[in-house]
1. In degrees from 0 to 90, rounded to the nearest 10, what is the angle of the helix 70-80 Cα long axis to the longest principal axis of the chain?
2. For the residue pair residue 65 and residue 4, what label-to-label distance in nm results when each label sits 7 Å from Cα along the Cα-to-beta-carbon direction?
3. If you stretched the chain out fully between residue 74 and residue 133, how much longer would it get, using 0.36 nm times the residue separation minus the C-alpha to C-alpha distance?
4. Return one number: the angle in degrees, 0 to 90 and rounded to the nearest 10, between the long axis of the Cα atoms of helix 113-134 and the longest principal axis of the Cα atoms of the chain.
5. Against the longest principal axis of the chain, how steep is helix 5-15, in degrees 0 to 90 to the nearest 10, with axes from Cα atoms?
6. Out of all Cα-Cα pairs in the chain, roughly what percent, to the nearest whole number, are more than 26 Å apart?
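Nothing in this text is a laboratory measurement; each read-out follows from the coordinates by a stated rule. No experiment lies behind these values; they were computed from the predicted model shown. FYI the Cβ positions are ideal-geometry reconstructions off the backbone, even for glycines, and counts take in every protein chain you see.
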């Protein structure tokens, strides 16, 4: 059975109902998503979106405008990506045309809530590790 974004929201809300360090919010819009804010990781916002047969879990690593050495950061990301378990690095452009370096992972919509939660936690830890490793390239 495939999970819809509304199913994911309901299950994550239930899972974290007693955890004051995690906030789960449904973001309505053309493409609904779930935002999970993790206090343990400095109030890191993780976005969970679903499209077709795929769930994408992502967060902003750094706005491109805050990168002082683009070529250096891009090369460092390419080196870090293969050893960054369960997560990938990339560049996206938001609806306002703003570019961001992101950390992301994907799962099947047939994944259970345990796998989705594991992806959220792994992505958060990997994002913090990536920030530490790549900080010299940021303004």
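1. 60 degrees
2. If labels sit at residue 65 and residue 4, their model points lie 3.7 nm apart.
3. Fully extending the segment from residue 74 to residue 133 adds 20.0 nm.
4. Its long axis makes an angle of about 20 degrees.
5. Result, in degrees: 80.
6. Beyond 26 Å sits 24 percent of the P(r) for the chain.
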